[in-house]
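The values are calculated or read from the model by the stated rules, or taken from the named source; none is laboratory data. What you see is a predicted model, and the numbers here were worked out from it, not measured in a lab. Every residue, glycine as well, gets a Cβ built from its backbone with ideal geometry; the counts of neighbours run over all protein chains shown. Heads up: the accessible areas ignore ligands, DNA and RNA and are worked out on the full protein's heavy atoms, side chains in. Shrake-Rupley method; radii C 1.70, N 1.55, O 1.52, S 1.80 Å.
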Amino acid sequence: QVQLVESGGGLVQPGGSLRLSCAASRSIFRFDRMGWYRQAPGKQRELVATITNEGSRNYADSVKGRFTISTDSAKNTVYLQMNSLKPEDTAVYYCSATRVVNVEGATYDVWGQGTQVTVSS
């Protein structure tokens, strides 16, 4: 089973930048899409960005124009470049890998352990 390990989180001031990395133990092309999600205290986990194995990207409205998701297939790694960070971006960020398993759209999902991002002055 593939394992996902996130890194790159930390404390940053408003307006600053961070780059999150998600290293997979096996080829990410085994999956139909890779994604980043986040969960703030007291809130449900929400989608941040996804990228399919064909390179199609999708972003939450709240991060469009500020965040960029990308992959490095040679390193089996997914990145999330976060610019112009705001206090409301504070959350635990999780990496995910998704494979569609049947025509009804059921999925097989793998999650990382999460990395904390705190935006504060």
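Order the following by accessible area, largest value first: T77, T118. Probe radius 1.4 Å; ligands, DNA and RNA are ignored.
Ranked list, largest accessible area first: T118, T77.
Can you list residues whose amide H is under 5 Å from T90's amide H, if they're 5+ apart or on another chain and H is modeled 1.01 Å from N?
Hits under the 5 Å cutoff: V119.
Once phi is turned into θ = phi - 60°, what whole-Hz ³J(HN,Hα) does the Karplus curve with 6.51, -1.76 and 1.60 give for every residue of segment 23-31, x standing for Gly and Pro?
9, 9, 7, 9, 4, 6, 6, 5, 10
When the Karplus curve 6.51 cos²θ - 1.76 cosθ + 1.60 is applied with θ = phi - 60°, which whole-Hz ³J(HN,Hα) does each residue of segment 74-90 get, with x for Gly and Pro?
So the J values, rounded to whole Hz, are 5, 9, 6, 10, 10, 10, 10, 8, 10, 10, 6, 5, 10, x, 6, 7, 4.
What net charge is computed for the residues neighbouring R26, neighbours being all others with C-beta under 14 Å from the C-beta of R26, Lys and Arg scored +1, Asp and Glu -1?
+3
Could you compute the net charge surrounding N76? Neighbours are other residues with a C-beta less than 13 Å from the C-beta of N76; K and R count +1, D and E count -1. Can you show the working numbers first?
Values: positive: R26, R30, K75; negative: D72.
Local charge sum for N76: +2.
Within segment 17-121, what whole-number % of the accessible surface is contributed by carbon and sulfur, with the 1.4 Å probe and all protein chains included in the calculation?
The nonpolar share, carbon plus sulfur, comes to 44 percent.
Read phi for every residue in segment 10-17 and hand back ³J(HN,Hα) as whole Hz from Karplus 6.51 cos²θ - 1.76 cosθ + 1.60, θ = phi - 60°, with x for Gly and Pro.
Using θ = phi - 60°, the values come out as x, 9, 9, 7, x, x, x, 10 Hz.
At 1.4 Å probe radius, can you tell me the per residue accessible area of the chain in Å²? Show your work: numbers first, answer last.
Details: 6510 Å² over 121 residues.
Here the per-residue accessible area is 54 Å².
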